[in-house]
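Structure record follows, encoded as structure tokens.
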Amino acid sequence: MRHPSTPRVRRRVIGALTAALLGAAGLGVPATAAPTTPTAPTAPATAADEPERAPADAALALTPPMGFNNWNSTHCRADFNEAMVKGIADIFVERGLKEAGYTYVNLDDCWALPQRNAEGKLVPDPVRFPNGIKAVADYVHSQGLKFGIYTSAGTKTCNRAGFPGALGHEYSDAQQFADWGVDYLKYDNCNNQGVDARLRYTTMRDALRATGRPIVHSLCEWGQNKPWDWAKDVGQLWRTTGDISDNWGSMVSIMKRNLPLAPYAGPGHWNDPDMLEVGNGGMTDTEYRTHFSLWSIMAAPLLIGSDLREAPESAFEILGNREVIAVDQDRLGKQGTVVSAEGGRWVVAKEMADGSRAVALFNESGRPQRIATTAAAVGLPQATAYTVRDLWKHTTSHTADTLAATVPAHGTVLLRVSRDRAWPLLPPALELAADQDVMAEATDSGRLTTTVTDLGRTPALTVSVALAGPEGWTVRPLTRTTRKVLPGGARLATDWEFTVPAGTAPGSYGLTLTVHHRTLTGARLTHTAPAAVSVVVPPPAGRAHLSDLGWLNAVNGWGPVEKDRSNGESRAGDGRPITIGGQVFAKGLGVHASSTVEYYTGGRCATVSAQVGVDDEKGTRGTVAFEIWADGAKAAGTGVLTNAMDAQPLTADVRGAEVVRLVVTDGGDGIDSDHADWADLTIDC
């Protein structure tokens, strides 16, 4: 049995080591970096009489923390203040968010004055928080909620104004937080003076434990030192990436970084892909539902980042979906893993405590796509049939085995699938699908086929289908649209003709497939699914740069595809001049493996040419391979290219092709730093 005084000795050693490192860096560090007097009860006369005690944080965050943080919506705006924090706590109660599981109301940066007081204590900004932090914490607690605060594991916080950080003040600050009633600490990584990350975060862990108050320790270390390898016993959650932004590219890029880390998550220790952007206005509701679905299936902390006083009603509907929240909060604590991912069609599955599986069918692309898997593929044992619950539509059906849906662009269908003997009482799952990659030029007529498939064991009765196009379009069926009985495993296929009105601008246009049917119990059900037609224009005669033309579809491994600049980071337009081996190119595409960009060529073009390579912006890192496809055939490709290579010429014969596809794959060693350039990318038509 460990002697009860051992933790105090270890804390002093770590605190002294931190102080020594800071002193070596030339920084003034108070001698009180670690307590000089015991903070725990005096040890009993004989250690054997005292059982070993678990630390105060041992039972914290057994499910991912849920709550609010102001940073994404307010940053350091003047309205980040006491009134706002109390208002959010009130909304949690009034709008049912507390009842749905949201617990923490957390402050981010800018709550303090720029200087400590004469005693070295943190001082709340008297304008923002005139009654002090404890009064705010007390109010949050009075609402049955918990309260969180922010500081940095450095000498200053991350805001440009540079508020006091906790490095060298860990024990004093931790005790101050405990005295105020803090329940959650977000511990950032700015101005860390090069001190070892594990040492800095472990010191704060010990300081928090020394207070005797259970305080969730959130390591906001940005994944720089792979905290998933060492932070399981340091905090309850750790950031795996840089900051999220309120845009599609940022959210998807962060998801891709977080998904492979599933083995490190579990009760009391969670991967944190950063806060939610739902309700901030930079994405569509479809994209926000995807954001919330993916964070939930990844067992991520659910910290609302929008100002709920101004959020639209749709944000409350998304954030308050208790069936989706239940996926995130499942007590088994598994993070979802990737079952398949090809062409922007993702299947992610999460094992649940009751033996069911949560399954996300996620469409990364910019057009509707059919995404399918099976109950066996997501890990369910063999059964005659399975119950399928759609967690956004709140409908229940059964399937023989197949799980499939046509998922809208940037959308996610989130299912909960279980082995259930009550399946005969449920209607069969119907899969609604339409031809993909349908294209037409303005004033042209085109055709597409829709199908309705009974995925269950029992028939659907009196099935009828309808297809509606955008305003001004004409759509008419060419084949049958009804069946009296659609047996399990059977399908109804219907051919349709549509006409694109003159003057229609190029782009993707949505159509809606609607199906009505009866069940064996007499219930009448209606289902809808998206379809799409791409209105295209032929490329100009002669030679043109493809970066000057609109693409049909683009899927990128990190951030958006960039025109005439490198891939950069997660935001559109943040790339640099395209540079390969020191040579700068004015035109081209900047992408990140794995990437696919498609262009309509209409059978009118002869060759595609480019100078290709790994962009210099990632230094010596990155390995990729380039491919050019003409319709379904590979027309040209490179071997593996590295950053040490100059730009390589690549030309493909694409005569007769309707669509040209530009593909970048990783070099077989993962996608880290795989910034690839299609420089001087041209097409001859």
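Residues that are assigned to a helix (DSSP H, G or I) and either touching a Cys at 6+ places or on another chain (Cβ under 7 Å) or hydrophobic (A, V, I, L, M, F, W, C) (or both) within the stretch 177-200 comprise Phe177, Ala178, Trp180, Ala197, Leu199, listed in sequence order. Number of residues in the stretch 92-114 that are farther than 19 Å from Asp183 by Cβ and touching a residue at least 12 places away in the same chain (Cβ under 8 Å) equals 5.
Note on the stretch 550-567: residues that are assigned to a loop (DSSP other than H, G, I, E, B) and touching a residue at least 60 places away in the same chain (Cβ under 8 Å) amount to 8. Every condition in (1) within 16 Å of Asn159 (Cα to Cα); (2) touching a strand residue (DSSP E or B) at 6+ places or on another chain (Cβ under 7 Å); (3) surrounded by fewer than 23 Cβ atoms within 10 Å (Cβ to Cβ) holds for Gly101 except the one numbered (1).
Residues checked against (1) at positive phi; (2) of a type in the set (Phe, Trp, Tyr); (3) buried (at least 19 other Cβ atoms within 10 Å of the Cβ):
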| residue | (1), (2), (3) |
| --- | --- |
| Leu467 | no, no, yes |
| Arg476 | no, no, no |
| Gly488 | no, no, no |
| Phe498 | no, yes, yes |
| Ala523 | no, no, no |
| Ala529 | no, no, yes |
| Ala532 | no, no, yes |
| Gly568 | yes, no, yes |
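Would you point out the residue of the stretch 534-560, among those that are buried (at least 20 other Cβ atoms within 10 Å of the Cβ) and modelled with pLDDT of 95 or more, that is nearest to Ser673 (Cα to Cα)? Among them, the one singled out is Ser547.
Would you say Trp248 is surrounded by fewer than 24 Cβ atoms within 10 Å (Cβ to Cβ), of a type in the set (Phe, Trp, Tyr), over 17 Å from Ala572 (Cβ atoms) and outside the structural domain of Ala409 (by TED's automatic domain parsing)? So Trp248 fails the test.
The values are calculated or read from the model by the stated rules, or taken from the named source; none is laboratory data. Given the structure is predicted, the values throughout are model-derived calculations rather than measurements. Positions of Cβ are backbone-derived with ideal geometry, glycine not excepted, and every protein chain shown enters the neighbour counts.
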